Structures are given as C-alpha cells and as structure tokens.
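Before any comments, here is the structure.
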C-alpha cells in the first residue's frame, strides 16, 4: 500500500502554502520529511542533506511567491523538499530512475527549477544574474539563492557575493549551514534578535542612518559611516556576520533552521527588504532520522535501504576501480614524496584510507577544483609527487589550471579521474563524457585508461615513478567486466596490450569498453570470424605501431570508447590510419553529441550504441562488403 500524505498531497504549487497556519505548515513539513524517507529508501539518492532542509524550504516557500519570485538551489543535495512542494510528489517514486525525475535541478523538469544545478557553487552567481535581468526589465519580484556551507566555500561563490554586495540589487542568499548542530548561542534571545533585525522597521532605521551619514561633510562621513552597521549589529551576536556586512549584505542570523515559526517570520520580513540580504540558518543533516543525524556522512548519498531496520542493501561485489585506487595509494605512500589531494570527495575518490593513515600528506581543499589543481602544481614545483583525485566531470571546472598551471610548465602532477564515462543514476551533470576530448589536445600530458582494477593499480605504480611531466588516468564507476582474461602483459610506456589476434576485424577499446570488445570478439568467433582485441591503455601517446599493424592485417577497425566522438580516441585512430595511407575502414563507437540522461549504466550504454551487440553489428558492417567483393572476384565468369 502506497503511503498517504494528506497535507502534502494538496500542495501542487508553493503558493498553496501561503494561507496555511504555522501548525498546518508543520504538518506539511512532517509529511515532506516522511516522503523523503519513504521514497529514497526505495530509490536511493541524497538523503541526510535533504532531511536537513525541510523546515527551511517550507518556510521560504510560505513567505516568497513562486512565481513570480525565483529560488535557485545549489546542486540537488538539498532540493528534494523543493521538488515535493512543486508538484512532483506523484512522480517522486521515479527519482533517479531511468526516464524518471532527476536527482538534481533541471529547467526542463519544472517551471520552478529556475536554474539547473548538479555542480556546487553556482547558485549565488545564477541568482544574481536572474536578479540583474529582473532589474533591467523593470520588474520587482524577489530572487533567492540557497547554498550550503560546503558550496559557499568555493571561489565562485565568493566572487558572486563580492559582486552582489557591490551591485546593491535586491537578492536574498540563504546559507544552509549544517556543519554544526544547533549550538547553545542559538537560543531564545539570539532567535529574538535575528527576527528583530529582519523587521522592516529596524532596517528602515538603518537605512535612514546611512542616508544621514552620506549627506554629512567628508570627515564626518567617515566617522559616521559605521552608524548603519551599529544599528543592526546591536541586535547581532558579537562578530557574527561581519564579513557579509562588509561585502554589502544585511546579515540575518544565525537562526535555527528547524524552528518553523521563527523561519516563517524571518523570511516574511526578508521578503519586504531591499538590497542584498544574507540569512544564516543552522541545520542538522539527517534531521528526524536518528542514524542519519549521528553519521550524516554515511547517509549523505545512499542506495535503497530498509527504513525500519535502517539496514542498507549489501553492495558487496567484485572489486571496484575506486577500491583498487584506494589500496594502490596506500602502497604508493611508501614514497615519502607522495601526497594526495581531493576536492571534497574523499569517499568517492577512495582517498579516505590514505587521509586517515597519512593526515599530513592528505589535503581535502573543499569544493575548489581550480585551487586543487594549482595547489598540486605548486607541490610538484616544490619537489613532491601530488596525486590529484577528482571526478572526470568535476575536473572540467579546472580546465584552465590543468592547461596553464600544470601542462604548460610540464609539472609532474598525477590526475586520477574517477567516474569517467557514464556514471548512471546521477545523470548528465555527472557523466564523465568529455575528458578524452578536453585533455587529449593539451601538450605534455600523458593520458591512460585501465581495463580493470588491477591494471589501474599498475598505473598508480607507474605514476609514482613517472616524473617527466603530467599524466592523467581515467577510469569508470563500478567494477570491470568479469569475462576479461586474467592474464595481462606488463605495462610498457606508450604501448597497447593485444588480448587476441585476428585477421577479419580489429576491436580497439578504451578502458571500460575492453570488456565489451572482448565479448563481441567471442560472438564473432561463433560466426567463424577472427577478431583482434586491442586494449589501448595509452590514449596519448597512442600506440600507432600496434594500431597500424592491425589496420594492415584486417578488413576493418572498430574503436570503442566511453567518451563523446568529437575529439575522442576514435578520431585519432582514424587520423593515424589515414596519415599512413591505408585504406582500412574505421568505425568509431562513442557517446553521442548529446547530454545523456540518467539511468543504469548498462541501459545507457546500450542506448548509446556501446553494447556487445552494437560492436558485433559494426564489425559485420565493415567485414561484409569486403567479403562480398572477395566472393565475387573468386566466382568464375559466365
């Protein structure tokens, strides 16, 4: 029997919250929290962070008027309540499922998703852009950005805060601060002062004080310039919010992000204020779900689990690439020059164990990929061996730093790109579909792709010893194809690995596609055709000798890669064969020139033409025309 939400089910649009009493809003909030537990326990998704924003979202939407008001959320980690209050309750069971609701914000999904977001640190910049567009059109609606305590630490957030404060436009920035529990200083008196500071009467007094100060003679103006801040800071905890005041914001807080009556009053007052306003709300990740409150990191992103027993479904299976990297980094640490860097993803990249064992050589820089890369460059210039572990999709944010700060100077930074290729349920914002294309053209950079976790471990060992310049290793989420043979040739720099020879067709595969090529070759053998399988290993420098030998000795070459075709490895193979003057036809199977939706990896790969069946079909299409010509040449003339 499906759960029933009598209050929440009546909310299809945020405006329906406006006429509700605080008691009724509290009922809605309880049902939002229950709906998150009920559905995410089935679908998986971001859990503890969303439980922490329930009251904040209900209060904000009961005070602002959407539309025309607009709220921009930073990523989707905290926006499930937003989805539930904007008409998506009935579809919430499809969250992160193939062709279902996205786990993030998408403009195509709802008119209330004012700005799409899957990468952190974008909300304030986007909201400021919406606010300035509003001003230029002569409109007066409110614009708010909700950001998290991790997102606000990114450089882009501070650039936006600096610009927003200087612009003076009406913009509300809400900081969802869940790094701490509600501390003792957020008590009744502090809550009262925060509510008082948000009232238009007090703000009006501050504005009049500012106006008086600006009309005074120069020397007196400087003396009186602090008068406005003094009026409002009288009601604020000592030093709290000073930095935001100096940036040009009116600071409100800190307030209890779970005290719905206080939140409602504050947001209703803030909706009447002009200029930049900063609301600081302290929340608890996992609020209302005891285990998630106790260990919000474990319950941040979850798979399906039993909400009664609180037991997650077992994820045991073959060794993953991430696990192999984690183990290999512990071995690499025997070299005292090895250091590890991540950008707020220690668990996802597999660096948690390294950080625990070698805290002085481990650096989590937060959501700051640009800083992470240039930090690594500085460490390399200082004689260390930095391993910079960042998801493929997130390294896109530091492209200039990779090019300018690392590769131009030929500094030996080791980039390890987890989640290369299609990641599955997180969808287009997280698919690592472009790294071969954006890293391949950069001079001085070595680019590799392992076929399985053991080969990844070997590449880590190679990276420790390699100091001639930067290198990058891309590898997928999950584990390798179990059908691959265990035997392997030792890694030789710039050399591919021939897994099988054949004279009919050559399957040249990159990383995650080696297993697909291997199984496709077996299918072709069942049809009496000999298929060579080449594990590319090195995408740059490419093993031209091995590829050209196969092009000369077969009827066609099929390249398989989990990267977009434009600028991909397939293009380089085709170019090498053409430059050698060979007539061997080449077919490249790659990701399409489109953003791939979310769904299971195997389903998405099949839809994108990266399946065993697609590889077999492409091989036969290359072989059959030549086979028909050969047959006609052998037939006697009539």
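Please count how many residues of the stretch 249-299 are at pLDDT below 85, closer than 15 Å to residue 176 by Cβ and either not assigned by TED's automatic domain parsing to the domain that holds residue 135 or not in a loop (DSSP other than H, G, I, E, B) (or both).
Looking only at the stretch 249-299, we keep the residues that are at pLDDT below 85, and these are 253, 288, 290-299.
So of that shortlist, the ones also closer than 15 Å to residue 176 by Cβ come out as 253, 296.
This time we only want the ones that are either not assigned by TED's automatic domain parsing to the domain that holds residue 135 or not in a loop (DSSP other than H, G, I, E, B) (or both), so: 253.
The total comes to 1.
With respect to residue 506, determine if the residue is surrounded by fewer than 24 Cβ atoms within 10 Å (Cβ to Cβ), assigned to a strand (DSSP E or B) and outside the structural domain of residue 452 (by TED's automatic domain parsing). Can you show your working first?
Working: surrounded by fewer than 24 Cβ atoms within 10 Å (Cβ to Cβ): no; assigned to a strand (DSSP E or B): yes; outside the structural domain of residue 452 (by TED's automatic domain parsing): yes.
Taking the combined requirement at face value, the residue does not satisfy it.
Looking at residue 515, is it at positive phi and outside the structural domain of residue 456 (by TED's automatic domain parsing)? Before you say what the answer is, go through the steps one by one.
Numbers: at positive phi: no; outside the structural domain of residue 456 (by TED's automatic domain parsing): yes.
So residue 515 does not fit the description; no.
Of all residues in the stretch 114-133, which are free of Cβ contacts under 8 Å to residues at least 40 places away in the same chain and touching a helix residue (DSSP H, G or I) at 6+ places or on another chain (Cβ under 8 Å)?
Correct list: 125, 132.
I'd like to know if the stretch 366-384 contains one or more residues that are at pLDDT 95 or above, touching a helix residue (DSSP H, G or I) at 6+ places or on another chain (Cβ under 8 Å), assigned to a loop (DSSP other than H, G, I, E, B) and buried (at least 24 other Cβ atoms within 10 Å of the Cβ).
No: zero hits.
Which of the following residues is within 18 Å of residue 339 (Cα to Cα), assigned by TED's automatic domain parsing to the domain that holds residue 408 and free of Cβ contacts under 8 Å to residues at least 12 places away in the same chain: 457, 465? Before you say what the answer is, go through the steps one by one.
Working: 457 fails: free of Cβ contacts under 8 Å to residues at least 12 places away in the same chain.
Only one candidate passes the filter, namely 465.
In the stretch 338-360, what count of residues is obtained for those that are surrounded by fewer than 19 Cβ atoms within 10 Å (Cβ to Cβ) and more than 14 Å from the chain's Cα centre (by Cα)?
Number of matching residues: 8.
Tell me whether the stretch 107-117 contains one or more residues that are under 23 Å from residue 7 (Cα atoms) and in a helix (DSSP H, G or I). Can you show your working first?
Restricting attention to the stretch 107-117, the residues satisfying the condition of being under 23 Å from residue 7 (Cα atoms) are 110-113.
Imposing the further condition that a residue be in a helix (DSSP H, G or I) reduces the set to none.
Taking every residue of the stretch 107-117 in turn, none turns out to be under 23 Å from residue 7 (Cα atoms) and in a helix (DSSP H, G or I).
Quick one: is residue 72 surrounded by fewer than 16 Cβ atoms within 10 Å (Cβ to Cβ), in contact with a helix residue (DSSP H, G or I) (Cβ under 7 Å, 6 or more places away or on another chain), modelled with pLDDT of 90 or more and assigned by TED's automatic domain parsing to the domain that holds residue 130? Give the derivation first.
Working: surrounded by fewer than 16 Cβ atoms within 10 Å (Cβ to Cβ): no; in contact with a helix residue (DSSP H, G or I) (Cβ under 7 Å, 6 or more places away or on another chain): yes; modelled with pLDDT of 90 or more: yes; assigned by TED's automatic domain parsing to the domain that holds residue 130: yes.
So residue 72 does not fit the description; no.
If you scan the stretch 468-491, which residues turn out to be part of a loop (DSSP other than H, G, I, E, B) and touching a residue at least 40 places away in the same chain (Cβ under 8 Å)? Break it down stepwise before answering.
Quick first cut of the stretch 468-491, residues part of a loop (DSSP other than H, G, I, E, B) only: 468-470, 475-478, 480-491.
If the condition is that a residue be part of a loop (DSSP other than H, G, I, E, B) and touching a residue at least 40 places away in the same chain (Cβ under 8 Å), then 468, 469, 470, 475, 476, 477, 478, 480, 482, 491 are the ones that fit.
Test residue 238 against the stated conditions and say whether it is in the same structural domain as residue 57 (by TED's automatic domain parsing), farther than 26 Å from residue 54 by Cα and either out of contact with any strand residue (DSSP E or B) (no Cβ under 8 Å at 6 or more places or on another chain) or modelled with pLDDT under 50 (or both). Give the derivation first.
Values: in the same structural domain as residue 57 (by TED's automatic domain parsing): yes; farther than 26 Å from residue 54 by Cα: yes; either out of contact with any strand residue (DSSP E or B) (no Cβ under 8 Å at 6 or more places or on another chain) or modelled with pLDDT under 50 (or both): yes.
Judged against the criteria, residue 238 is a match.
Residue 124 fails exactly one of the following numbered conditions: (1) under 21 Å from residue 149 (Cα atoms); (2) in a loop (DSSP other than H, G, I, E, B). What is the number of that condition?
Of everything listed in (1) under 21 Å from residue 149 (Cα atoms); (2) in a loop (DSSP other than H, G, I, E, B), residue 124 misses just condition (2).
The values are calculated or read from the model by the stated rules, or taken from the named source; none is laboratory data. Keep in mind the model is a prediction, meaning the values are calculated, not measured. Every residue, glycine as well, gets a Cβ built from its backbone with ideal geometry; the counts of neighbours run over all protein chains shown.
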